[in-house]
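One structure is given here, and the rest of the page talks about it.
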């Protein structure tokens, strides 16, 4: 069974006078325990697919299945226990007036867990945050620490599938390495399935085993990371992306 | 002596630690940081002192006032400032001005306190629901807001007086009914900008409903701009009450409401200027104090200017 | 190679409630007609260095240097009025996001023409001709349409090219580019970099390229300065960056994920407090 199956998904946004098609006929499948990367530039529609999956966007048609269950326009608590998302900007994904403890305890309360206290301690441990940071506010944490809190929040309901929206783009290079290692460790420990969105090919190549390349809302190519490493891209856009990831080349 | 100093260093350190070990410590610590920042603003502190003086005066009026504010002494009317026994002089009925000012501070606080409770709360409710829920609720609530915004305060007060009779409670009602719309607009604007944030999306993904999101996530972020706005509005509220008192629509005589006192003293302003001026200065000082405190609070609370407690 | 810019012992200090914060501590380097890259993470002081050269740091920030010379002339002792003649005309700056650095209520044409007329005494027709020439130099073909457009009507890449046109029209000797391509899509990045490359070589300009992207800087620039905590910790030729010796640089290089060298775990940079105490290396 696949963790995620998307078939001919179309997502659009209605503005005042016209419709903007953000995603057109997207089809992909992520096996259970797999790690899939969606690569593309801003406006390619990659983050929109994640938002449609999580129910944050409801103007779509096509078919989406998570753990075999077909998704409708609304989501329920059972869904939120199986799939969670880590957002891109650690500065925007934490409420400025809520401490780390508040964020985690609220999440646990919403999912009706008990022994909230000990769970919080375990979660902080899992993401490598010292308990000293438990009662701090976001403005007292660094970017990397905030992202760890965001990951802890996503892991609190014990989901098996994690959607990652550019998890390290807003972080410094040295912090990125820590967070990528953390994600690798967590995936192994909890047998998670990853669907990750990024514009950085090297990051995707590090964490994922398969990738789909998106341009202007369409998936133009799907391949394994191994193929990508050996520069076996067929679509010209993918080739262009691979070329620029190697650095600048003088004319 | 050493014990006192070590314990005072103790609580200061406890509040400024950057590794708080409980929710209470973290929250108190952030209030403390805010207080330190506020304290460094000299003008704001002056404003705060004046407000504290106002509170003190209102609380201890019976002990502070040298005379009964209602006792008339027609033989002693319109005595100038500095007369023996009457530091600020007497009004047209011989009543001691200083005592009336002191007792009038209670009325001022009563008006300001009630309006500050009613208007922002109503505005917050209307604005956040309109902003978050959107659609029809937004349209209906905002049009209602526009209707109330269109009423000039004094006209509405006149209508109330015509219907219900003059009095301070009616004045407060009239002022509150015209004061809440700006808060609704502020709250709605804040809600609209917060609504699409990632942290709201994140809590939705945990299954939070609209009620929880509005009360626990949107309100804490709106409250700071509302608090700042209230303190800046206080000046206007006091003046509105004074204006209504001046027109005879607010506190009824012989109540020592400052606005009414100015009205009474208007007839004598050329020869006995202090009767109207002294309450005017009191109004000015309290309004100024609220403005200064509001400015100081904004510097501390507004995340855009760096303060984040 | 003539030295366009000489900077020695540059310090940028800000007073805070908890003491003086030094954003830049003793940075020294010289710039010729070459591409100099300044690489660092956030908080390293790289952007502050660029702003300090143009004297864009306002009080209470304080800038001091034992030497800050443009072609031998001291920059520090100039008055604000004199600095305005330097900015744009002799040293120009391109910043990260054109959305935030272009005036949203003026058309593109007006802005570029204003940039030109501030430093040249030319009539309107001449200014317009120069503007169109500049737009073509940055590969904007339908210049008539772009002249009348407002910044929000342009794509990111086009906006950045307009920014470059605006900054280069007065023909400065030095261009400081602060993360000029970070907000751009990868395909557009290459195009903008080509334009900058070509203009710099053709006009004999000096370029200071500030970025956090090690790979980009090492492939685009001639020389690289690596900054950490306000200091320059290492300087080397761009193509020798991968043989860098300072532990911070090595740590940064090794913590980058590489498409061609898969690893299960990335080496994490261990910050050594001793690096904060080292004296800044000159470049």
Legend entry - Flag for residue A:213 being touching a helix residue (DSSP H, G or I) at 6+ places or on another chain (Cβ under 8 Å), more than 21 Å from residue C:181 (Cβ to Cβ), modelled with pLDDT of 85 or more and assigned to a strand (DSSP E or B): no
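One line per residue, one yes/no per condition, for (1) within 25 Å of residue C:53 (Cα to Cα); (2) surrounded by fewer than 16 Cβ atoms within 10 Å (Cβ to Cβ); (3) more than 12 Å from chain A (Cβ to nearest Cβ); (4) touching a residue at least 24 places away in the same chain (Cβ under 8 Å):
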position	(1), (2), (3), (4)
C:208	yes, no, yes, yes
C:212	yes, no, no, yes
C:237	yes, yes, yes, no
C:248	no, no, no, yes
C:251	no, no, no, no
C:256	no, no, no, yes
C:263	no, yes, no, no
Legend entry - Residue tally, condition more than 24 Å from residue C:216 (Cα to Cα) and not in a loop (DSSP other than H, G, I, E, B), over the range A:197-210: 1
Inset, instruction - Could you grab the pairs with beta carbons closer than 6 Å, sequence gap of 6+ or different chains, first residue in the range A:208-235 and farther than 28 Å from residue A:181 by Cα, second one not in a strand (DSSP E or B)? - result: A:215/A:44; A:215/A:237; A:217/A:45; A:220/A:235; A:220/A:237
Legend entry - Residue ranges of helices (runs of 4 or more DSSP H) in the range A:32-122 with at least 2 members over 21 Å from residue A:12 (Cβ atoms) and without any contact (Cβ under 8 Å) to a residue 12 or more places away in the chain: A:100-110
Legend entry - helices (runs of 4 or more DSSP H) wholly inside the range B:200-309 containing at least 3 residues that are under 30 Å from residue A:55 (Cβ atoms): B:219-246
Legend entry - Among the residues listed as B:244, B:221, B:205, B:249, the single one being crowded, with 22+ Cβ neighbours inside 10 Å and closer than 30 Å to residue A:106 by Cβ: B:205
Inset, instruction - Residue by residue through the range A:143-162, note down the ones that are part of a helix (DSSP H, G or I) and closer than 22 Å to residue B:207 by Cβ. - result: A:149, A:150, A:151, A:152, A:153, A:154, A:155
Inset, instruction - Check whether at least one residue in the range A:60-83 is within 14 Å of chain B (Cβ to nearest Cβ) and closer than 30 Å to residue A:239 by Cβ, and report yes or no. - result: no
Inset, instruction - Test residue B:92 against the criterion of being surrounded by 12 or more Cβ atoms within 10 Å (Cβ to Cβ) and in contact with a helix residue (DSSP H, G or I) (Cβ under 7 Å, 6 or more places away or on another chain), and give yes or no. - result: yes
Inset, instruction - Return yes when residue A:145 is closer than 26 Å to residue C:40 by Cβ, modelled with pLDDT of 90 or more and more than 10 Å from every other protein chain (Cβ to nearest Cβ) and no when it is not. - result: yes
Inset, instruction - Confirm whether residue A:17 is more than 14 Å from chain B (Cβ to nearest Cβ), over 28 Å from residue B:219 (Cα atoms) and not in a strand (DSSP E or B). - result: yes
Legend entry - residue A:219 being touching a strand residue (DSSP E or B) at 6+ places or on another chain (Cβ under 6 Å), part of a strand (DSSP E or B) and within 14 Å of chain C (Cβ to nearest Cβ): no
Legend entry - Sole residue being more than 20 Å from residue B:278 (Cβ to Cβ) and either crowded, with 24+ Cβ neighbours inside 10 Å or touching a helix residue (DSSP H, G or I) at 6+ places or on another chain (Cβ under 8 Å) (or both), chosen from B:102, B:107, B:118, B:111: B:118
Legend entry - Within the range C:37-74, tally of residues that are within 27 Å of residue C:218 (Cβ to Cβ) and within 14 Å of the chain's Cα centre (by Cα): 14
Legend entry - Checklist (1) touching a helix residue (DSSP H, G or I) at 6+ places or on another chain (Cβ under 9 Å); (2) at pLDDT 90 or above applied to residue C:95, failing item: (2)
Inset, instruction - May I ask you to verify whether residue A:25 is out of contact with any helix residue (DSSP H, G or I) (no Cβ under 9 Å at 6 or more places or on another chain), outside any strand (DSSP E or B) and under 30 Å from residue A:239 (Cα atoms)? - result: no
Inset, instruction - Scan the range C:144-171 residue by residue and report those that are part of a loop (DSSP other than H, G, I, E, B) and out of contact with any strand residue (DSSP E or B) (no Cβ under 8 Å at 6 or more places or on another chain). - result: C:149, C:150, C:154, C:155, C:169, C:171
Legend entry - Failed criterion for residue A:189 (all others in (1) part of a strand (DSSP E or B); (2) over 25 Å from residue C:260 (Cα atoms) hold): (1)
Inset, instruction - Return the total of residues in the range A:117-126 being surrounded by 14 or more Cβ atoms within 10 Å (Cβ to Cβ) and farther than 15 Å from residue A:107 by Cβ. - result: 0
Inset, instruction - Check the range B:88-106 and report whether any residue there is in a helix (DSSP H, G or I) and within 14 Å of chain A (Cβ to nearest Cβ). - result: no
Legend entry - Matching option when the condition is at pLDDT below 85 and either farther than 20 Å from residue A:99 by Cα or touching a helix residue (DSSP H, G or I) at 6+ places or on another chain (Cβ under 9 Å) (or both), among B:19, B:57: B:19
Legend entry - Conditions (1) within 13 Å of chain C (Cβ to nearest Cβ); (2) in a strand (DSSP E or B); (3) surrounded by fewer than 24 Cβ atoms within 10 Å (Cβ to Cβ); number of the one not met by residue A:242: (2)
Inset, instruction - Test residue B:13 against the criterion of being part of a helix (DSSP H, G or I), in contact with a helix residue (DSSP H, G or I) (Cβ under 7 Å, 6 or more places away or on another chain) and either away from chain A (no Cβ under 14 Å) or within 21 Å of residue B:285 (Cα to Cα) (or both), and give yes or no. - result: no
Inset, instruction - Any chance you could count how many residues in the range C:176-206 are on the phi > 0 side of the Ramachandran plot and either within 9 Å of chain A (Cβ to nearest Cβ) or under 11 Å from the mean Cα position of the chain (by Cα) (or both)? - result: 1
Inset, instruction - Identify all residues within the range A:163-177 that are away from chain C (no Cβ under 14 Å) and either in a loop (DSSP other than H, G, I, E, B) or touching a helix residue (DSSP H, G or I) at 6+ places or on another chain (Cβ under 6 Å) (or both); write none if there are none. - result: A:163, A:165
Inset, instruction - Working only within the range A:127-142, note down all residues that are crowded, with 18+ Cβ neighbours inside 10 Å and either away from chain B (no Cβ under 13 Å) or part of a helix (DSSP H, G or I) (or both). - result: A:127, A:133, A:138, A:140
Inset, instruction - Scan the range C:127-143 and give yes if some residue there is buried (at least 19 other Cβ atoms within 10 Å of the Cβ) and in contact with a strand residue (DSSP E or B) (Cβ under 9 Å, 6 or more places away or on another chain), otherwise no. - result: no
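The values are calculated or read from the model by the stated rules, or taken from the named source; none is laboratory data. All of these numbers come straight from a predicted model, not from anything done at the bench. Note that each Cβ is placed from the backbone with ideal geometry, even for glycine, and that neighbours are counted across all protein chains shown.
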